[in-house]
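Beneath this line is the structure, given in structure tokens, with notes to follow.
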């Protein structure tokens, strides 16, 4: 059903809703609140200056506007409640001025300072009832919570019927609400029980669908025959003997797992989870070498052009004394170069192709593809990964996924239950632990002295900030402001540049190339540098407003330094120096330990550091909070599959058809 059927949704509003991935009325009704406010009015005499409260008040003076600076203003007026008159101030709400008329009843949301007799409001509400449960939604620019609430209320009035994916056997077993009822109550709860019952239904449904897909894939993977490859182990032994370092125990175990998979009847479908700097790339290189000795081509897909080029250079260097032809395919290559690569791939002249999603182009065909590797696999959707492995005409090529995001093993076995799992925890012996310190921005003298020392050694450094531009309403250092501060601190004697997501890909590539060459001393960036970029000469990572990042993201960022035998440092700059999460970063460099702590404290939301591409994009479920429901959904979906009950359910037959199409 089209959004235009909803009252007050015009073309402009529809475009705004599209930014929230709301394109239909079903999308709107399944856009769930992430929390609730229970509106209870209190007597102003009971108000605490440290806590938000709701006060029923009457306006007793005209509102006045004063401008503090550009894009920052204050609205003020007098109000009364329970015979007490007081001043009200609210920031950046000029648009409310005409609504705030004398004698009008309003609800003030905010904090009351009795000594100053000032109520600092965060919001002003009109026509709100006492004891109302208010749903709170994630928003975007140009849309308010009240707008979204009204649009959903209008949608609920329509004759809608949203598919219920929970099979009747489990709806009855757990006495779950009907889907339409759950959707109405999640948005318009009358009490706490309504919230609990509607959430239980919708969370179970999401997790059941997810686990059904995982278990179906797992069931299918057991049946998929692969290519029993004849690998020349002497060739591999010779390669290993010529390495100038010794593999770790975990690397050796992972390589054994991979070689056994490749020589078995079953198609390899393996995920290698390795901490930052644990040496996953050399494992992938040996897998490609083994595949080459068996007479097959390999494809290695990276999420960005920078990473693809980095992998290409590394892999080419390792194979420079071997007759292995390695090429790179990216979107920025000239058409003539691409066509030459397509031709060589098809004729089997290329043994290993490294690339981005350009590898998915229909013109990129292989003579005998035997191995597909995807790096940072969580950045690719299921569709993209399947498209690449299906380049193998006989659909038997081995598949290897790499991820630098360490997650708890129990969780990994659940969410990647369709894959065999190898973990690389031990790091190469030449790598030194990164010294990490949590410091206050007011006390950064030690950090600045260390920066000077490292710059004098000729080393480089990263500085990370959450924002691109300064925002008056947030006490967050932007990359542009940090550049000004650091230029001032170093008296413009070092080269400082800024990298962020709004730059064009070509601009990012040029900056990273200059940084790799050592022509930039300090690179100030947003989290776009989080995954994969390798600058061996970088020895310092400085993260401003560190409290705003999850542990997994902080660990990934820290992993951009210490990629050599030099002592490296990470400074976490924050005003919250007693933050328990940040203390975990000081005490450990072990990504798996950190991921366990992150999972305990925050749930799955930040475990992967980036927004998921499909399989983990839940609307309401959370792995940590809903772990018991996840485990039950796993058991239930296994039973549903084993007894073939899904064959009688059209919804699940459609899900399987889609999976089979991709696979």
**OP:** Kindly indicate which of 249, 276 is in contact with a helix residue (DSSP H, G or I) (Cβ under 7 Å, 6 or more places away or on another chain) and within 28 Å of residue 588 (Cβ to Cβ).
**Re:** 276
Original post:
Among the residues of region 94-122, which ones are assigned to a loop (DSSP other than H, G, I, E, B), touching a strand residue (DSSP E or B) at 6+ places or on another chain (Cβ under 6 Å) and surrounded by fewer than 19 Cβ atoms within 10 Å (Cβ to Cβ)?
Top reply: 102, 104, 117
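For every residue, the table says whether it meets (1) over 27 Å from residue 404 (Cα atoms); (2) surrounded by 14 or more Cβ atoms within 10 Å (Cβ to Cβ); (3) assigned by TED's automatic domain parsing to the domain that holds residue 552; (4) without any contact (Cβ under 8 Å) to a residue 60 or more places away in the chain.
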position: 231; (1), (2), (3), (4): yes, yes, no, no
position: 238; (1), (2), (3), (4): yes, no, no, yes
position: 253; (1), (2), (3), (4): no, yes, no, no
position: 256; (1), (2), (3), (4): no, no, no, yes
position: 260; (1), (2), (3), (4): no, no, no, yes
position: 271; (1), (2), (3), (4): no, yes, no, no
**OP:** List the strands (runs of 3 or more DSSP E) that sit entirely inside region 276-375 and contain at least 1 residues that are under 28 Å from residue 407 (Cβ atoms).
**Re:** 297-301, 352-355, 369-374
Original post:
Does at least one position in region 48-60 carry a residue that is over 27 Å from residue 133 (Cβ atoms) and in contact with a strand residue (DSSP E or B) (Cβ under 7 Å, 6 or more places away or on another chain)?
Top reply: yes
**OP:** Restricting attention to region 1-18, report how many residues are outside any helix (DSSP H, G or I), surrounded by 12 or more Cβ atoms within 10 Å (Cβ to Cβ) and modelled with pLDDT of 90 or more.
**Re:** 2
Original post:
Would you call residue 188 surrounded by fewer than 17 Cβ atoms within 10 Å (Cβ to Cβ), in the same structural domain as residue 643 (by TED's automatic domain parsing) and within 30 Å of residue 269 (Cβ to Cβ)?
Top reply: no
**OP:** From the list 156, 202, pick out the single residue that is surrounded by 14 or more Cβ atoms within 10 Å (Cβ to Cβ) and either without any contact (Cβ under 8 Å) to a residue 12 or more places away in the chain or more than 28 Å from residue 419 (Cβ to Cβ) (or both).
**Re:** 156
Original post:
Listed residues 114, 74, 142, 99; which is over 30 Å from residue 208 (Cβ atoms) and modelled with pLDDT under 90?
Top reply: 142
**OP:** Those residues that are assigned to a strand (DSSP E or B) and farther than 16 Å from residue 42 by Cα, I need them from region 71-81; list them, please.
**Re:** 72, 73, 74, 75, 76, 77, 78
Original post:
Going by the conditions given, is residue 359 in contact with a helix residue (DSSP H, G or I) (Cβ under 9 Å, 6 or more places away or on another chain) and outside the structural domain of residue 505 (by TED's automatic domain parsing)?
Top reply: yes
Original post:
When you go through (1) modelled with pLDDT of 90 or more; (2) under 18 Å from residue 440 (Cβ atoms) one by one for residue 567, which number turns out not to apply?
Top reply: (2)
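Okay, residues lined up against (1) free of Cβ contacts under 8 Å to residues at least 40 places away in the same chain; (2) closer than 25 Å to residue 516 by Cα:
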position	(1), (2)
543	no, yes
555	no, yes
565	no, yes
571	no, yes
575	no, no
581	yes, no
584	yes, no
587	yes, no
Subject >> Where residue 314 falls short, out of the listed (1) out of contact with any strand residue (DSSP E or B) (no Cβ under 7 Å at 6 or more places or on another chain); (2) under 25 Å from residue 425 (Cα atoms); (3) surrounded by 18 or more Cβ atoms within 10 Å (Cβ to Cβ) >> reply: (3)
Original post:
How many of the residues in region 82-93 are farther than 12 Å from residue 62 by Cα and in a strand (DSSP E or B)?
Top reply: 6
**OP:** Please specify each residue of region 497-516 satisfying the condition of being crowded, with 19+ Cβ neighbours inside 10 Å and touching a helix residue (DSSP H, G or I) at 6+ places or on another chain (Cβ under 8 Å).
**Re:** 498, 499, 500, 508, 512
**OP:** Go through region 27-40 and count every residue that is more than 25 Å from the chain's Cα centre (by Cα) and at pLDDT 95 or above.
**Re:** 0
**OP:** Could you tell me which residue of region 595-611 is modelled with the lowest pLDDT, considering only residues that are part of a loop (DSSP other than H, G, I, E, B) and buried (at least 16 other Cβ atoms within 10 Å of the Cβ)?
**Re:** 610
**OP:** Within region 408-425, identify whether any single residue is in contact with a helix residue (DSSP H, G or I) (Cβ under 6 Å, 6 or more places away or on another chain), surrounded by fewer than 18 Cβ atoms within 10 Å (Cβ to Cβ), more than 23 Å from residue 303 (Cβ to Cβ) and modelled with pLDDT of 80 or more, and answer yes or no.
**Re:** yes
Original post:
Taking region 141-175, which residues are touching a helix residue (DSSP H, G or I) at 6+ places or on another chain (Cβ under 8 Å), under 30 Å from residue 649 (Cβ atoms) and not in a helix (DSSP H, G or I)?
Top reply: 158, 160, 161, 162, 163, 164, 165, 166, 167, 174
**OP:** Could you pull out every one of the helices (runs of 4 or more DSSP H) wholly within region 480-594 that has 2 or more residues that are more than 22 Å from the chain's Cα centre (by Cα)?
**Re:** 505-517, 580-587
Original post:
What is the one condition in (1) more than 29 Å from the chain's Cα centre (by Cα); (2) within 20 Å of residue 132 (Cβ to Cβ); (3) free of Cβ contacts under 8 Å to residues at least 40 places away in the same chain that residue 197 does not satisfy?
Top reply: (1)
Subject >> Conditions (1) more than 30 Å from residue 185 (Cβ to Cβ); (2) assigned to a strand (DSSP E or B); number of the one not met by residue 62 >> reply: (2)
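The values are calculated or read from the model by the stated rules, or taken from the named source; none is laboratory data. Small disclaimer: the values here were computed from a predicted structure and weren't measured. Heads up, the Cβs are rebuilt from the backbone with ideal geometry, glycines too, and the neighbour counts pull from every protein chain shown.
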